[in-house]
Amino acid sequence: MERLDKILSNLGYGTRKEIKAMMKNGEVEVDGQIVKDNSLKIDPYKTIVKVSGEVINYREFIYLMMNKPQGVVSATFDNYDETVIDLLDLEHAAFSPFPVGRLDKDTEGLLLITNDGELNHRLTSPKWHVDKLYYAEIDNQVDEKDIEAFQKGIILDDDYKCLPAKLEIISSNENGSEVYVTIQEGKFHQVKRMFEALDKNVIYLKRIRMGSLVLDETLEEGTYRELTENELAALKGHKIQ
Ligand code: URA
């Protein structure tokens, strides 16, 4: 059982004070009855609560898929730059979510944003080796030797040897290449540094998959949606995938 005003406040309906005023105004209904006592405790899973006539969608966690645009940082707060959290509506930001893993400021694509710390841990902990698929444009020719080098494990500038990674060439010539890269880890600037180790530069990077979760290509850059039940179930069970 939890206080109704706290539940509504956590869902982004306003501050506790604002909710008290809304209740006094008769805007809040519990199982069909207007309630004015802001200290009322309810079980949000067993009670139908309406605010201004609309049934609330109670949940503890939210799971958002964003198509991250360039120019925003994957953080909850930043002194200079806009963050991915700044792109959320209040009703989602009210859950205090955070990005799962990081994409560089100039990287686009799939970013999961949630307030579920356990799922975050399972997806980002090095021990789970969750595959991340990127589309990349490279300033140089990419060939079989590079595919082999990725497979063997690239050694980065700090002497870290990457786990085997998959490089697939979409197109390549001396003017540049388009590739897919699948990595199992998430070191700082990893894809860019892997190519730098081969004297090549990533000029465009977009994440398109993380574990079972695939970027919804209908999402415009900078927009997001909640995960479907199937997407969430698949992500939570990614161990057996
Ligand atoms: N690798 C990078 O270099 N940058 C990203 O944003 C993600 C992976």
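What to note about this one:
- Of Val35, Val181, Val72, the residue with the greatest mean-square motion in the GNM of the chain, using alpha carbon springs below 10 Å, is Val35.
- Within the chain, longest stretch clear of exposed GluC sites (Glu not before Pro) (DSSP loop, no more than 12 other Cβ within 10 Å): 61-173
- Within region 66-109, the chymotrypsin sites (Phe, Trp or Tyr not before Pro) that combine a DSSP coil assignment with at most 15 other C-beta atoms in a 10 angstrom radius are Phe77, Tyr80.
- Counting only aspartates and glutamates at least 8 places from Lys187 when in the same chain, those with an alpha carbon closer than 15 Å to its own are Asp104, Asp131, Asp157, Asp158, Asp159, Glu196.
- Inter-part distance where region 1-42 and region 78-124 are each reduced to a Cα centre, Å: 28
- With every protein chain in place, region 2-55: carbon and sulfur % of accessible area (1.4 Å): 48
- With 32 Å as the limit on Cα-Cα distance, the pairs of Lys68/Lys161; Lys105/Lys145; Lys50/Lys127; Lys200/Lys236 that go past it are Lys50/Lys127; Lys200/Lys236.
- Estimated 222 nm signal from helices in the chain, with DSSP H stretches of n ≥ 4 weighted -39500 (n - 2.57), rounded to 500: -5500 deg cm²/dmol
- Choice from Ala197, Ala136, Ala165 with maximal GNM fluctuation in the chain (Cα, 10 Å cutoff): Ala197
- Region 111-206: chymotrypsin sites (Phe, Trp or Tyr not before Pro) in DSSP loop, at most 12 other beta carbons within 10 Å: Phe188
- Calculated from backbone phi, Karplus (6.51, -1.76, 1.60) coupling profile of region 220-229 in Hz, x at Gly/Pro: 5, 4, x, 10, 8, 8, 6, 5, 6, 4
- Per residue, the chain exposes an accessible area of 55 Å² to a 1.4 Å probe, with every protein chain left in place.
- Whole-number D in µm² s⁻¹ for region 131-210, Kirkwood Cα-pair radius fed into Stokes-Einstein, 10 °C, 1.306 mPa s: 130
The values are calculated or read from the model by the stated rules, or taken from the named source; none is laboratory data. Predicted, not measured: the structure shown is a model, and the values here were computed from it. Neighbour counts are summed over all protein chains in view; Cβ atoms, including those assigned to glycine, are modelled from backbone coordinates with ideal geometry. Protein only, heavy atoms only, side chains kept; ligands, DNA and RNA dropped before computing areas. Shrake-Rupley method; radii C 1.70, N 1.55, O 1.52, S 1.80 Å.
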